[in-house]
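First up is the structure itself, then whatever we jot down about it.
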There are 2 protein chains.
Amino acid sequence: MTSTKTPHPSRKSARSGSSQIDVARLAGVSQAAVSRAFTPGASVSDETRAKVMAAVDELGYRPNVIARSLVQKSTNIIGLVLRRFTTPFYAHMLQKFTRALQERGYWTLIFNIEQGDELDNALPAALQYQVDGLIITSATLSSHQADEFARAETPVVLFNRYVSDGHTHLVSCDHYEGGRMAADALLDTGHQRLAYIAGEEESSTNRDREIGFLGRLKERGYELALRESAGDYSYKKGYAAAQRLLERASPPDAVFCADDVIAMATMDFARYKLNLNIPEDLSVVGFDDIPSAARPNYELTTVRQPFNRLVDSTIDVLVEAIGAPGASVIEKKVSPSLTWRQSVRKND
Amino acid sequence: MTSTKTPHPSRKSARSGSSQIDVARLAGVSQAAVSRAFTPGASVSDETRAKVMAAVDELGYRPNVIARSLVQKSTNIIGLVLRRFTTPFYAHMLQKFTRALQERGYWTLIFNIEQGDELDNALPAALQYQVDGLIITSATLSSHQADEFARAETPVVLFNRYVSDGHTHLVSCDHYEGGRMAADALLDTGHQRLAYIAGEEESSTNRDREIGFLGRLKERGYELALRESAGDYSYKKGYAAAQRLLERASPPDAVFCADDVIAMATMDFARYKLNLNIPEDLSVVGFDDIPSAARPNYELTTVRQPFNRLVDSTIDVLVEAIGAPGASVIEKKVSPSLTWRQSVRKND
DNA sequence: TAGACGCATGAATACGTATTCAATTCTACA
DNA sequence: TGTAGAATTGAATACGTATTCATGCGTCTA
């Protein structure tokens, strides 16, 4: 045997500090022992564990989660696909998601898909990063895309979309039912000339809310008097849509807005540009019940999406799917409720 | 023996689809060839690359980034430590950060540190996940913590903190200068009785803004008449602070608020509860220039933090530090500017 | 006291990739 | 046509960890 054994003087490992091998050497044990000292259920004597931990402290060793992920085939990372960061509803969602996931031992990897085609970019990336699961908001999967995740056995939950393809888990607020609630709220209080301001036309949430609203109107023998579209869920677009709507010859006496931000914009335009009083001259109903809807200058009556329940359910579904791969598809629909405040006139 | 040896017929790799070895086998080449086919600069003939890609398509193979990260010692993941998700300023920051990082080929791993001690949780996790770099907002590193990152050669940039310890990169808006601008704005327009409403007392941004404001007042022979503290940057706390401030016996004629949200709350309280006119009866200056500050019902005059420049600079610094480890510490201060709107009375 | 059994341990291996190294083929030029 | 040099290739190795397997040891029971 030609000894020499590739000397490689003090290589000291380039970047990630020290490894379990370094710790093992210093502690006078095997690398396996070091690994076991960090593995909860493993079989290690208190003595070697103590030796290991002493060496760990001396070297400032930290486990390399990437290496662990490679062998365990689990990263403890959840991918979160998101498109509307600055909208209050989604900002709160993001906050809740990251917090709740952390409490369950997961970290959140963000995929921003605001630009047009970025979903096609994000999904492969999520797969390549071996995320343990994926939450998709404001987007839908093609069946081909769903297949790819199925093949990788990576569970996906669609958040606030309801396009039952029988392939992807779904957790959504019942926007359709929410639209119906808005209709009832306005009809029960005696309004006659109803309008709807749409948000993003392509989004299924917007569509479901509108369908529910119109359907309920028809059921009760009414029909929609006026319709405007903001185009997206921004304040600015909402404000412009409100202007187009309210400056018509015969304006509505009540308007249901696709979300709270549009509703707030509508109230602002009505009050500051038209000097209308709310709710005396115009009733407004929103959707979401974001925190600012409760501000004293809005006091918005709105359809409440049950925030925490939506997020918790989504994570429940995802975690369960991670634990039991191949189980059947879960579809959960969460009911909204109506939060009564001061933006609807009661003139029965 | 009773056991049937648990045959495990076609193991087929449990989770992550197929590997380069599978591709190699199918294409009739070596695993190294497959790797090279995916490595931009590598030496592969067009012929083998074609064979590889054909096999890739057939198997639906995707590179495992985790494995790659292990050998390359680089994950292309940036950690982002964040505390205030729902505050408009930080919601926009998050949006910009994820977008800009993606454009440079990085993905964002979120560390939510809203609970008290979670920074101590997040930092080790970031190190264990081998992030290529870390951006920390609304928090500061202890020198011990900074040392840990230095040892791991993981660059850290503190965002909007200015605590020069000579150890961590820093990118910040000049909040001190911003406070001075607010003072000048109010004094130049002839206000006499000035007040300040603080945000989160412990935050360095709040402190710097106040020190700048007070310092400039003193320089010009004035002093602060009244001070209130919201306690944090929420609308609710701001509203309550405004109430305490404005219901005093001799209220101010102008108030500088630690951020736009507090300023908006102040305006709302003044108008809806006290029937004051703004700016005739009370002038208000905010800080940040978030989009909603421009809404027609606020038209808030405010100190603008140069949003895009802050984010871009932060990423520039981080990327440069990743490319040149061991280089000297970078500290970049970005100047704010004043956005004039309608919430300040001009009575010179 | 012998045997059975559980616990601790280290050597070896696997995870999926990039990269070094040596060997081979190809190209071009004289 | 021969050869230097470039281009291509596969075998081997490394990255840092978890885990299997066989072994050694001590303890308990009969």
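Among the numbered criteria (1) of a type in the set (A, V, I, L, M, F, W, C); (2) under 17 Å from B:Ile77 (Cβ atoms); (3) open to solvent by less than 20 Å² (accessible area, probe 1.4 Å), which single criterion is violated by B:Trp107?
It is condition (3) that B:Trp107 fails.
Which residue is nearest to the chain's Cα centre (by Cα), if the candidates are limited to the stretch A:290-307 and must be away from every other protein chain (no Cβ under 14 Å) and open to solvent by 10 Å² or more (accessible area, probe 1.4 Å)?
A:Pro306
Would you pick out the residues in the stretch B:45-73 that are more than 7 Å from DNA strand C (Cβ to nearest atom), of a type in the set (Val, Ile, Thr) and open to solvent by 30 Å² or more (accessible area, probe 1.4 Å)?
B:Thr48
Quick check on A:Ala270: is it within 12 Å of another protein chain (Cβ to nearest Cβ), open to solvent by less than 10 Å² (accessible area, probe 1.4 Å), within 26 Å of the chain's Cα centre (by Cα) and of a type in the set (Gly, Ala, Ser)?
no
Need a quick list: strands (runs of 3 or more DSSP E) entirely within the stretch A:76-172 having at least 2 residues that are more than 8 Å from chain B (Cβ to nearest Cβ).
Passing ranges, in order: A:77-82, A:133-137, A:156-159.
Pairs needed: first member in the stretch B:34-52, within 14 Å of another protein chain (Cβ to nearest Cβ) and of a type in the set (D, E, K, R); second member anywhere, near DNA strand C (Cβ under 8 Å from one of its atoms) and open to solvent by 70 Å² or more (accessible area, probe 1.4 Å); C-beta distance under 7 Å; at least 6 residues apart or different chains.
Nothing qualifies.
Could you list, in sequence order, the residues of the stretch B:116-149 that are of a type in the set (A, V, I, L, M), under 18 Å from the mean Cα position of the chain (by Cα) and under 27 Å from B:Asn206 (Cβ atoms)?
B:Leu119, B:Ala122, B:Leu123, B:Ala126, B:Leu134, B:Ile135, B:Ile136, B:Ala139, B:Leu141
May I ask you to list pairs of residues, at least six apart or on different chains, whose Cβ atoms are under 7 Å apart, with the first in the stretch B:260-287 being in contact (Cβ under 8 Å) with a residue 12 or more places away in the chain and the second being assigned to a loop (DSSP other than H, G, I, E, B) and of a type in the set (Phe, Trp, Tyr)?
Cβ pairs passing all conditions: B:Val261/B:Tyr233; B:Ile262/B:Tyr233; B:Met264/B:Tyr298; B:Met267/B:Tyr298.
Residues checked against (1) under 18 Å from the mean Cα position of the chain (by Cα); (2) open to solvent by 10 Å² or more (accessible area, probe 1.4 Å); (3) over 30 Å from A:Gln342 (Cα atoms); (4) not aromatic (Phe, Trp, Tyr):
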{"residue": "A:Arg151", "(1), (2), (3), (4)": "no, yes, yes, yes"}
{"residue": "A:His167", "(1), (2), (3), (4)": "no, yes, yes, yes"}
{"residue": "A:His175", "(1), (2), (3), (4)": "yes, no, no, yes"}
{"residue": "A:Ala183", "(1), (2), (3), (4)": "no, no, no, yes"}
{"residue": "A:Gly190", "(1), (2), (3), (4)": "no, yes, no, yes"}
{"residue": "A:Ile197", "(1), (2), (3), (4)": "no, no, no, yes"}
{"residue": "A:Ile211", "(1), (2), (3), (4)": "no, yes, no, yes"}
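Residue by residue through the stretch B:213-236, note down the ones that are in contact (Cβ under 8 Å) with a residue 24 or more places away in the chain, open to solvent by 30 Å² or more (accessible area, probe 1.4 Å) and charged (D, E, K, R).
Within the stretch B:213-236, B:Arg216, B:Arg220, B:Arg227, B:Asp232, B:Lys236 qualify.
Do we have A:Val34 as within 12 Å of DNA strand C (Cβ to nearest atom) and open to solvent by less than 10 Å² (accessible area, probe 1.4 Å) here?
In short, yes.
Applying the selection to the stretch B:327-348, what residues are assigned to a loop (DSSP other than H, G, I, E, B) and open to solvent by less than 70 Å² (accessible area, probe 1.4 Å)?
B:Ala327, B:Val329, B:Ile330, B:Pro336, B:Arg341, B:Ser343, B:Val344, B:Arg345, B:Asn347
Looking only at the stretch B:282-299, count every residue that is under 20 Å from B:Leu226 (Cβ atoms) and in contact with a Gly (Cβ under 8 Å, 6 or more places away or on another chain) and tell me the total.
So the answer is 1.
Looking at this structure, is B:Ile315 in contact with a Leu (Cβ under 9 Å, 6 or more places away or on another chain), under 22 Å from B:Tyr162 (Cα atoms), in the same structural domain as B:His92 (by TED's automatic domain parsing) and crowded, with 19+ Cβ neighbours inside 10 Å?
yes
Just a yes or no: is a residue in the stretch B:244-259 out of contact with any strand residue (DSSP E or B) (no Cβ under 7 Å at 6 or more places or on another chain) and open to solvent by less than 10 Å² (accessible area, probe 1.4 Å)?
no
Confirm whether B:Thr87 is more than 13 Å from DNA strand D (Cβ to nearest atom) and crowded, with 17+ Cβ neighbours inside 10 Å.
Here the answer is yes, as B:Thr87 does meet what is asked.
Are any residues in the stretch B:199-208 open to solvent by 10 Å² or more (accessible area, probe 1.4 Å) and not in a helix (DSSP H, G or I), and if so, which ones?
B:Glu200, B:Glu201, B:Glu202
The values are calculated or read from the model by the stated rules, or taken from the named source; none is laboratory data. Nothing here was measured: the structure is a model prediction, and the numbers come from that model. Ideal geometry is used to build each Cβ from the backbone, glycine not excepted, and the neighbour counts take in all protein chains shown. Note: accessible area is taken over every heavy atom of the protein model, side chains too, but ligands, DNA and RNA are not part of it. Shrake-Rupley method; radii C 1.70, N 1.55, O 1.52, S 1.80 Å.
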